Each structure stands twice: as structure tokens, then as C-alpha cells.
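Have a look at the structure below, then the notes.
Please treat every number below as a calculation from the coordinates, not as lab data. Only a predicted model underlies this, so the values are computations on that prediction, with no experimental measurement involved. Every residue, glycine as well, gets a Cβ built from its backbone with ideal geometry; the counts of neighbours run over all protein chains shown.
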Amino acid sequence: AQTVTQSQPEMSVQEAETVTLSCTYDTSESDYYLFWYKQPPSRQMILVIRQEAYKQQNATENRFSVNFQKAAKSFSLKISDSQLGDAAMYFCAYRINNAGNMLTFGGGTRLMVKP
Amino acid sequence: DGGITQSPKYLFRKEGQNVTLSCEQNLNHDAMYWYRQDPGQGLRLIYYSQIVNDFQKGDIAEGYSVSREKKESFPLTVTSAQKNPTAFYLCASSRWDKVRSMNTEAFFGQGTRLTVV
């Protein structure tokens, strides 16, 4: 079975500081994508960042960056200069690049941002 | 504006009744998906469809049915066989990248909250 594990049900960060959300996954495949999605109170899923497994360079999108450790099957999300609008559920997910192309999600981490 | 539209946002049904959730996209995406989300949990795949008139079961397909008669539409029917239908349902779609032979990232609708009483 292929799984995604987010070991932190809740995290808290002070506004303007940095926080890291953890994610580990288990797959025997070598070609896949990894994603972080944000789900604010509106409950719409918003793509934050993605990483292709064959790329060694860590993806970055403005204040969001990842630490991708392929051998360790780890894919953490770092949020710098946290803002109140970052408060949300964050889901880690991966997709194997075959005909199925289904996303497998972790259980989520609730991020709280303190003013 | 392009996007994915789910309707209705809230849906109430009596136990034992079938109900159909709508999902429409005007992004010209090939693949469409239905996920279920229970409180405090991640998303679980119900069904997905890569092309018109073809769909595959996901991890929790029992008690659900779908159709894909048009590229733009992927309705989900929650049947009376689904034992715990009350949940939040999310529809998503993604584009097929011919160069990479893979789907791009998934874009989601705003979801439908189904409550069965």
C-alpha cells in the first residue's frame, strides 16, 4: 500500500516567523510528483507547491519552499515570514506518473498563526 | 473565468434516497476526480475518469456511481447503498500533458457538503 504520513496534526507559528510542516511517504515507484495543498476555512483546496521526484533542486514559490529528501522519502514544507492568511489545513500528496495519475493525500496538518 | 463548479454547496437528503452531485469544468481538462473528506481527515478517492465514457474506481467506490458522457461533466451519485454518506465531497480535474505523458496538478472545486438525515 502506498501511503502519505503527516505526523503533526497541529502546528502553531508566530506571525512573521518560519514554520516547517513534515511529510513522509511510502512508494516503490521512482517517477512521481509531490504536492502541498492548502485548505482554508472556505474548504477549497489550493495548490501551494509541487516537486518532481526526478529533480534534485528543491521547489520554491515565494515564501513557500520544500525540503525534498528522496532517499528518506521526506517532503517537508517551509513557510517563511508567516502571515495570518497562512492559517489553514495543509495536505501533503503525491501522484505516481502512470495512467492512473491519482493523488494520494496525507491526513493533514492544521496550521495556526498567532498575531 | 475558467474553473470547476460544484453544485449545490449544501445538500440535504433523507436516508435511503439517492442523490447526485454536480461537477462541471470549463478548463478543457481531460481527467476528473471525486474525493470524499471526513472531518479532520485527508481526502480519499472515490472515482476518477481519464477520458469520456471511461472511469475507474478509487479507494472507496462502494455505494457510489459516476458517469462521464461529456468531457466537461462528471456527476457523482451517492446511492442508498453508501452506509455513511454524510461528508464533504470535492471534485477535481487535471490536464493531460502530451509531452510528459502525464496529468498536471489537480485543480479543485469548492466542494459540496452532503448531510443525510
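Couplings for the range A:19-30, taken from phi via the Karplus curve 6.51 cos²θ - 1.76 cosθ + 1.60 with θ = phi - 60°, read 9, 10, 9, 9, 7, 10, 9, 9, 8, 9, 7, 10 Hz in order; Gly and Pro are left as x. For the range B:61-75, the Karplus equation 6.51 cos²θ - 1.76 cosθ + 1.60, evaluated at θ = phi - 60°, returns couplings of 6, 4, x, 10, 9, 9, 9, 9, 7, 10, 4, 7, 10, 8, x Hz by residue, with Gly and Pro reported as x. Using alpha carbons only, the radius of gyration of the protein assembly as shown set against its Kirkwood radius gives Rg/Rh = 0.97. Computed over chain A with a Gaussian network model linking Cα atoms closer than 10 Å, the most mobile of A:Leu77, A:Leu21, A:Leu103 is A:Leu103. Taking chain A as a Gaussian network of alpha-carbon nodes connected by springs under 10 Å, the highest mean-square fluctuation of the residues A:Ala87, A:Ala71, A:Ala59 belongs to A:Ala71. For chain A, DSSP calls about 90 percent of its internal beta bridges antiparallel.
Could you let me know the centre-to-centre spacing of the range A:33-60 and the range A:70-115, using Cα atoms, in angstrom? First find each Cα centre; the distance between them is then 6 Å. The GNM of chain B, with springs linking C-alpha atoms under 10 angstrom apart, assigns the highest mean-square fluctuation among B:Tyr64, B:Tyr33, B:Tyr47 to B:Tyr64. From the alpha carbon centroid of the range B:17-52 to that of the range B:57-114 is 2 Å. Using R0 = 25 Å, the C-beta based FRET efficiency linking B:Arg44 and A:Ala16 works out to 0.10. Extension gain, A:Asn58 to A:Asp26, is 9.6 nm, computed as 0.36 nm per intervening residue step minus the present C-alpha separation. Dipole magnitude for chain B: computed about the Cα centre from +1 point charges on Lys and Arg Cβ and -1 point charges on Asp and Glu Cβ, it is near 160 debye.
Computed from phi, the 3J(HN,Hα) profile of the range B:12-24 under the Karplus parametrisation 6.51, -1.76, 1.60 (θ = phi - 60°) reads 10, 9, 7, 4, x, 9, 7, 9, 10, 9, 9, 9, 10 Hz, with x in place of Gly and Pro.
Relative to its Kirkwood radius, the Cα radius of gyration of chain B gives an Rg/Rh of 0.96. Partner lysines whose Cα lies under 23 Å from the Cα of B:Lys70, excluding those fewer than 8 positions away in the same chain, are identified as B:Lys9, B:Lys57, B:Lys98.
Taking every residue in B:42-54 and counting other chain Cβ atoms within 10 Å of its Cβ, the average works out to 3.
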